[in-house]
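Working notes for the structure below.
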Amino acid sequence: MRKIIHCDCDCFYASIEMRDDPSLVGRPIAVGGRAETRGVIATCNYEARAFGVHSAMSTARALQLCPQLVLLPPDFERYRAASRTILDIYRDYTPLVEPLSLDEAYLDVTGIDRCRGSATLMAQEIRARIQAEVGITASAGIAPSKFVAKVASDWHKPNGQFVVRPEEVDAFVAALPVKKIFGVGKVTAAKLRRRGVETCADLRAWSLAELTQAFGSFGASLYRLCRGIDDRPVKPDRIRKSLSVETTYASDLADLAACQAALPALIAEFRVRFERARETRPVHKAVVKVKFADFTQTTAECVAAMPDDAVWGALLDEAHARRGRPVRLLGVGVRFVEDEDGVGGQEAQMPLFDALPDEACGGP
């Protein structure tokens with residue numbers, strides 16, 4: 001039985017800002033782009049979240065919800081410096097560390113003798129070291145799988161941890177709202193709710209065939225995860241081949257002009273994620289994805305060393321012209337230059353845009 005820790009810092013960017021400027025403590029703050037440039041929120045502290053502010057929200061909307069919000073530009077040099085210390089702490093416990101962002105990672109501590117072999121004690125020690133050495137707090141989840149560990153790490157946030165033992169997994173997952181399953185956002189959750197599905201226990205009444213018919217290839221993931229089945233290994237050498245963000249709109253975008261009007265906010269969100277990714281390889285291509293109201297979709301791409309708004313705008317024109325119908329989802333992204341041998345690392349090529357139905361990807 002595996003022992004997986006999912007650890008991430010509490011509102012990482014905002015915590016670094018409060019650490020370095022104590023006058024910000026207790027005030028609602030957010031890190032992100034300016035409203036006048038259609039910026040988005042990268043992260044915010046818990047005081048801001050009390051007003052309904054959250055990551056990936058437009059800065060303009062955040063300021064409407066919280067006029068007293070202190071908006072700070074991101075300082076990635078400081079965040080990366082803190083990240084190096086955090087990742088070094090993780091790797092001091094196990095070589096099997098799979099970073100998900102600057103501060104977040106999965107750790108496989110199966111068979112590790114440290115802390116008498118207790119993953120719970122290791123998580124406590126890791127969190128204490130992050131607070132002592134970096135000056136911010138972190139939360140952790142401990143479980144036999146990546147999915148359950150990640151969910152558990154949110155249970156006692158901020159500055160807490162939660163353990164789900166192997167014999168507790170079935171009941172723990174059964175009680176979860178379906179929106180806790182990775183890939184189930186507002187659109188899919190609403191679709192399931194209309195069919196009487198609120199929890200993972202409700203979803204277990206559906207057969208694999210029924211879920212596949214309703215949700216395509218994502219149905220198989222729903223079938224496994226609602227039962228707490230997740231055998232994915234922790235991959236310390238995962239190589240990113242691409243980076244993207246996408247958004248499903250509450251109302252379809254009626255025409256090309258509406259799509260072009262929505263594009264700058266999506267590009268701004270992508271740039272936040274791009275900076276956060278710390279990717280060192282050069283960009284090779286720019287890509288735009290369009291999903292139409294009838295659920296058909298297309299992508300357009302071109303070679304571009306570092307795409308700008310005009311490049312993505314031209315790709316959007318090309319992709320939209322293929323069907324010319326109202327649009328429910330837009331995505332923008334890039335592909336990176338791969339190694340000369342074409343392998344680019346140990347992990348197989350992944351699709352640029354995750355094959356998940358109707359959900360926004362990315363966002364810190």
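The values are calculated or read from the model by the stated rules, or taken from the named source; none is laboratory data. These figures come from a predicted structure and were not determined experimentally. Neighbour counts run over all protein chains shown; Cβ positions are idealised from the backbone, glycine included. Note: areas computed on protein heavy atoms with side chains; ligands, DNA, RNA excluded. Shrake-Rupley method; radii C 1.70, N 1.55, O 1.52, S 1.80 Å.
Ranking TYR46, LEU24, ALA62 by Cα position along the charge dipole of the stretch 13-74, where only Lys, Arg, Asp and Glu carry charges on their C-beta atoms, puts ALA62 farthest toward the positive end. Heavy-atom surface analysis with a 1.4 Å probe gives the stretch 45-183 a carbon and sulfur content of 54 percent of its accessible area.
For the stretch 242-336, a simple Cβ point-charge model (Lys and Arg +1, Asp and Glu -1, everything else neutral) yields a dipole of about 340 debye relative to the Cα centre.
For the stretch 170-226, the solvent-accessible area works out to 51 Å² per residue, with a probe of 1.4 Å and every protein chain left in place.
Quote the accessible area belonging to THR299 in square angstrom, nearest 10, computed with a 1.4 Å probe and with ligands, DNA and RNA left uncounted. Estimated to the nearest 10 Å², THR299 gives 60 Å².
Neighbours of VAL178 by Cβ distance under 11 Å: Lys/Arg scored +1, Asp/Glu scored -1, total +4. Using a Gaussian network model of the chain in which every pair of alpha carbons under 10 angstrom is joined by a spring, one finds that among VAL197, VAL332, VAL287 the greatest mean-square fluctuation is at VAL197. Based on alpha carbons, the Rg and Dmax found for the stretch 13-74 are 10.2, 28 Å. When the stretch 242-336 is described by a simple charge dipole with +1 on each Lys and Arg Cβ and -1 on each Asp and Glu Cβ, the residue from LEU256, LEU316, VAL303 located farthest towards its positive end is VAL303.
Computed on the stretch 242-336, with alpha-carbon pairs under 8 angstrom and 6+ residues apart, the relative contact order is 47 percent.
Our helix-only sum for the chain, with -39,500 (n - 2.57) per DSSP H run of n ≥ 4 divided by its residues, gives a mean residue ellipticity at 222 nm of -10500 deg cm²/dmol.
For GLU167, the accessible area of its heavy atoms, probed at 1.4 Å with every protein chain present, is near 140 square angstrom.
Separation of the stretch 191-261 and the stretch 113-146 by C-alpha centroid, Å? Rounded to whole Å, the Cα centres lie 30 Å apart.
Among the listed pairs LYS191/LYS241; LYS241/LYS289; LYS179/LYS285; LYS180/LYS241; LYS3/LYS186; LYS146/LYS179, those whose Cα-Cα separation exceeds 28 Å are LYS191/LYS241; LYS179/LYS285; LYS3/LYS186.
Fully extending the segment from ALA257 to THR37 would add 77.3 nm, taking 0.36 nm per residue of separation and subtracting the current Cα-Cα distance. Counting heavy atoms of the protein chains alone, LEU263 has an accessible area of about 10 Å² for a 1.4 Å probe. Subtracting the Cα-Cα distance of ARG227 and ALA314 from their residue separation scaled by 0.36 nm leaves 26.9 nm.
Among GLY219, GLY141, GLY111, the largest mean-square fluctuation in a Gaussian network model of the chain (Cα springs under 10 Å) belongs to GLY111. Annotation: average projected area of the stretch 170-226 is 3.3 square nanometres, based on the convex hull of Cα atoms across all directions. Using the empirical formula 2.2 N^0.38 Å as the baseline, the Cα radius of gyration of the chain reaches a ratio of 1.01. Simple point charges give the picture: +1 on the Cβ of Lys and Arg, -1 on the Cβ of Asp and Glu, and for the stretch 170-226 a dipole about the Cα centre of about 240 debye. Simple point charges give the picture: +1 on the Cβ of Lys and Arg, -1 on the Cβ of Asp and Glu, and for the chain a dipole about the Cα centre of about 760 debye. Summarising the overall dimensions of the stretch 15-129 from its C-alpha atoms, the Rg and Dmax are 17.3, 54 angstrom. Per residue, the solvent-accessible area of the stretch 42-155 (1.4 Å probe, heavy atoms of protein chains only, all protein chains present) comes to 40 Å². In nm, to one decimal, how far is the modelled label at ARG193 from the one at ALA321, with both set 7 Å along Cα→Cβ? The answer from the label model is 4.0 nm. Among VAL187, ALA205, GLY219, whose Cα lies farthest out toward the positive end of the dipole of the stretch 170-226, if unit charges sit on the beta carbon of Lys, Arg (+1) and Asp, Glu (-1)? Of VAL187, ALA205, GLY219, it is VAL187. Peptide packing for 41-47, 91-97 was compared via the average number of neighbouring C-beta atoms within 10 Å per residue; ordered from the highest value, the list is 41-47, 91-97.
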